[in-house]
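The values are calculated or read from the model by the stated rules, or taken from the named source; none is laboratory data. Small disclaimer: the values here were computed from a predicted structure and weren't measured. Virtual Cβ from ideal backbone geometry, glycine too; neighbours counted across all protein chains shown.
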Amino acid sequence: MDRRKVLSGGGAAAVAALAGCATAGAPSGASRTVFAVAQPTLPIVGTSEVFPVRRIYCIGRNYAAHSREMGSDPTREPPFFFQKPTDAVQIVPPGVTVDHPYPTLTKNYHYEIELVAALGKGGRDIASDRALECVLGYTVGLDMTRRDLQRAMGDEKKPWEIGKSFDRSAPMGQLQPAAKTGPFTKGAIWLRVNGELKQNANLDQMIWSVAEQISKLSRAFELMAGDIIYSGTPENVGPVVSGDVMEGHIDGLPDIRVKVV
């Protein structure tokens, strides 16, 4: 068998031939997916359109006080990022309390309230003073974290994925168009648990602004439409348990409410 001919063919027929298996019924040269994969989307408020999510980037330790509470020095540390899978998205409509499942494997499940920016276009090496032109919309988000697993991996100098990148670990509201909201460079950001204020800060306390984050990320990746950026959380992150209700707020955006079940 000519391996080059097999590899130049498409779809299931090529895979089966390479494995030495027979296949029938596939047209010569045709290709098709073997199953459908759902495309996570976010509603865009005021339109009938939805935002297809391509990647979810998150910046770590982007408020000085939070950086210190996590054991880092904010005066010396450059920005760093990690990613969540797109199926981490959990949509939280305004005025609705959404059930959020307590995940497996953890006994120390933490909230982190964040401003989320969604990109309608991207590029490479984007200048900071042009970066906000890429933002299609904003919303309020939670970067939910299996903190015990994250810390265990950190202690072993292993990746954070098991602590950060799991199903529905990114609850967020519907997208508010940037053309209507304008940029978010200042304003209150807070989180309450069962009515008690836990996190409370201002967006102008970010170490790296949203524009700077976009610029920095575009040096490492080609950013594209569909990318989402979680822009960091203030200090006083902490645990929640089943039955707790989290309420997240950013001035100028609808609040989100999530109940741990």
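Laid out as a table, the results:
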quantity	calculated
Any hit, the stretch 131-144, residues being among the charged types (D, E, K, R), over 15 Å from Q83 (Cα atoms) and assigned by TED's automatic domain parsing to the domain that holds S209	yes
Any chance T185 is assigned by TED's automatic domain parsing to the domain that holds V116 and out of contact with any Gly (no Cβ under 9 Å at 6 or more places or on another chain)	yes
Conditions (1) in a helix (DSSP H, G or I); (2) hydrophobic (A, V, I, L, M, F, W, C); (3) in contact (Cβ under 8 Å) with a residue 40 or more places away in the chain: number failed by L105	(1)
K164 being assigned by TED's automatic domain parsing to the domain that holds V237 and surrounded by fewer than 18 Cβ atoms within 10 Å (Cβ to Cβ)	no
The stretch 188-209 residues that are free of Cβ contacts under 8 Å to residues at least 40 places away in the same chain, paired with ones that are buried (at least 18 other Cβ atoms within 10 Å of the Cβ) and outside any helix (DSSP H, G or I) (beta carbon under 6 Å, 6 or more apart)	N200/W190
Qualifying residue in the stretch 142-151 (condition: among the β-branched types (V, I, T) and surrounded by 19 or more Cβ atoms within 10 Å (Cβ to Cβ))	yes
Qualifying residue in the stretch 59-66 (condition: among the hydroxyl-bearing types (S, T, Y) and modelled with pLDDT under 95)	yes
Matching entry among F166, F184, F221 (being among the aromatic types (F, W, Y) and under 20 Å from R146 (Cβ atoms))	F166
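The rows are residues; the columns are (1) surrounded by fewer than 17 Cβ atoms within 10 Å (Cβ to Cβ); (2) at pLDDT 50 or above; (3) on the phi < 0 side of the Ramachandran plot; (4) part of a helix (DSSP H, G or I).
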position: V6; (1), (2), (3), (4): yes, no, yes, yes
position: A13; (1), (2), (3), (4): no, no, yes, yes
position: T23; (1), (2), (3), (4): yes, no, yes, no
position: A36; (1), (2), (3), (4): yes, yes, yes, no
position: P43; (1), (2), (3), (4): yes, yes, yes, no
position: F51; (1), (2), (3), (4): no, yes, yes, no
position: Y57; (1), (2), (3), (4): no, yes, yes, no
position: P74; (1), (2), (3), (4): yes, yes, yes, no
position: E77; (1), (2), (3), (4): yes, yes, yes, no
